Protein chains: 2
Amino acid sequence: MASATNAVAIDRETVERIVRQVALEYLGRDKRGSAPVLTVQASSRHMHVCRADMDVLFGPGTDLTFDRPLFQEGNFASKETVTIVGPRSRLISNLRILGPMRKQSQVELAFTDAIMLGYSDLPVRLSGDIKGTPGAVIIGPKGVVELKEGVIRAAIHAHMNPAEAAYFGVKQGDMMKLRVGGPSGVTFNNVHVRIDPKSRLNVHMDTDEANACGLHLTKDVEIFK
Amino acid sequence: MASATNAVAIDRETVERIVRQVALEYLGRDKRGSAPVLTVQASSRHMHVCRADMDVLFGPGTDLTFDRPLFQEGNFASKETVTIVGPRSRLISNLRILGPMRKQSQVELAFTDAIMLGYSDLPVRLSGDIKGTPGAVIIGPKGVVELKEGVIRAAIHAHMNPAEAAYFGVKQGDMMKLRVGGPSGVTFNNVHVRIDPKSRLNVHMDTDEANACGLHLTKDVEIFK
């Protein structure tokens, strides 16, 4: 019965997940710490800016102005915004800059934004991995920067610290799945794991993903290997 | 071992699907017809219009002008467009009307559109099921209609004919799952089954759903119970 063996093998992931859950209930989850609380957040389109581009866009030596904190410690939405002009000469204004400054400027768009601007096949990348991605013209109050590359659709990802990664049994670069319930229930099958000691467990998705699954309609979220 | 029994029960759907696939390979899929070809299409925001509203918007006795056929026989995109004004007094122009005319007017928006217009919690409904949904002001070249209800986010759904439904072992109103592969791989867990003798198998999703899963990036799609 090769077919039956095959069926069991294919389904191993799901079985492992269920067994893990049930086992944790019976064997005392408390001994390894309680389950981390999962938050899922939608990131609107935004930009990260480097020192050199900040100088041009907002003036030499200027700094980003703190507006509100983001979930991950040290990250914040700034008061500064720019305008992005894409390949179809259409633009989006009020593109928010997130701080702190980075080594490379980068723009993260949802596909809905990208298609409107004329990026027909924007690469799906993890933040920072911008080699070979398209560029854009960025207009600030004090000047204009032509980015040679750096426009991406951010891949859906889960931030977590090493203890949380150990809880789920995952390592840096692994993929997990995120199930979102509700009337527009969706499972995201390629959630990238990003581990950092300063992180707290949360999933970042973009507005297309949040709107596809109706994230605002449900609190039923679950992440698993 | 109540836990083990429970685990098997939870997973029954997946097991059934795998067994069905394997069984079909071994027992001769040809005898019940080959697998229907699945197409998945993204519907942009659009409107369906009733006779009375057509009279007001475009003039008494006017008809929709055929522009291009849609996948399902008899349905078409018309040349006519309107402007919709939502509760925040923002508007979207060039909202395409799809024909033929229907008994009730209805507007189908993606959540991205809805949130921009000010519908903070637009109901997710099957087409035609508009009782208790919000309304809108619709502006046409010859007049203005105030819809009392009819603005929805269309629930993702699969059209199919009775033979295709029999192939999948589903009936009217059942839910199926649609897996889309590629870098932004997603499984839509609540795909409504709509059976009609004139239909051909295809899944309709909206632009948020298509952009979330990067539908334009992959041909790897699979529908299952």
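The values are calculated or read from the model by the stated rules, or taken from the named source; none is laboratory data. Bear in mind that the values here come from a model prediction, so they are computed numbers and not experimental data. Glycine gets a Cβ as well: all are built from the backbone with ideal geometry, and neighbour counts include every protein chain shown.
Summary of computed values
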item: Residue that is surrounded by the fewest Cβ atoms within 10 Å (Cβ to Cβ) [pool: residues in the range B:97-136 that are among the small types (Gly, Ala, Ser) and out of contact with any Lys or Arg (no Cβ under 9 Å at 6 or more places or on another chain)]; result: B:GLY132
item: Condition check for A:SER3: modelled with pLDDT under 95, of a type in the set (Ser, Thr, Tyr) and part of a loop (DSSP other than H, G, I, E, B); result: no
item: Restricting the range B:101-133 to residues that are of a type in the set (Gly, Ala, Ser) and away from every other protein chain (no Cβ under 11 Å), the residue that is nearest to A:ASN211 (Cα to Cα); result: B:GLY118
item: Residue identified as of a type in the set (Ser, Thr, Tyr), touching a strand residue (DSSP E or B) at 6+ places or on another chain (Cβ under 9 Å) and closer than 24 Å to B:THR39 by Cβ among B:SER105, B:SER93, B:SER78; result: B:SER78
item: Cβ-Cβ under 6 Å pairs, at least 6 apart or on other chains, the range A:88-100 side among the hydroxyl-bearing types (Ser, Thr, Tyr), far side surrounded by 12 or more Cβ atoms within 10 Å (Cβ to Cβ) and modelled with pLDDT of 95 or more; result: A:SER93/A:THR83
item: Whichever residue in the range B:59-74 is surrounded by fewer than 12 Cβ atoms within 10 Å (Cβ to Cβ) and touching a residue at least 24 places away in the same chain (Cβ under 8 Å) and, among such residues, is nearest to B:GLY143 (Cα to Cα); result: B:GLY74
item: Residue that is farthest from the other protein chains (Cβ to nearest Cβ) [pool: residues in the range A:167-219 that are under 14 Å from the mean Cα position of the chain (by Cα) and of a type in the set (Lys, Arg)]; result: A:ARG200
item: Residue within the range B:97-110 that is on the phi > 0 side of the Ramachandran plot and not aliphatic (A, V, I, L, M) present; result: no
item: Residue in the range B:144-153 that is within 14 Å of chain A (Cβ to nearest Cβ), buried (at least 20 other Cβ atoms within 10 Å of the Cβ) and at pLDDT 95 or above present; result: yes
item: Residue within the range A:93-108 that is over 24 Å from A:LEU178 (Cβ atoms), over 18 Å from the mean Cα position of the chain (by Cα) and of a type outside the set (Ser, Thr, Tyr) present; result: yes
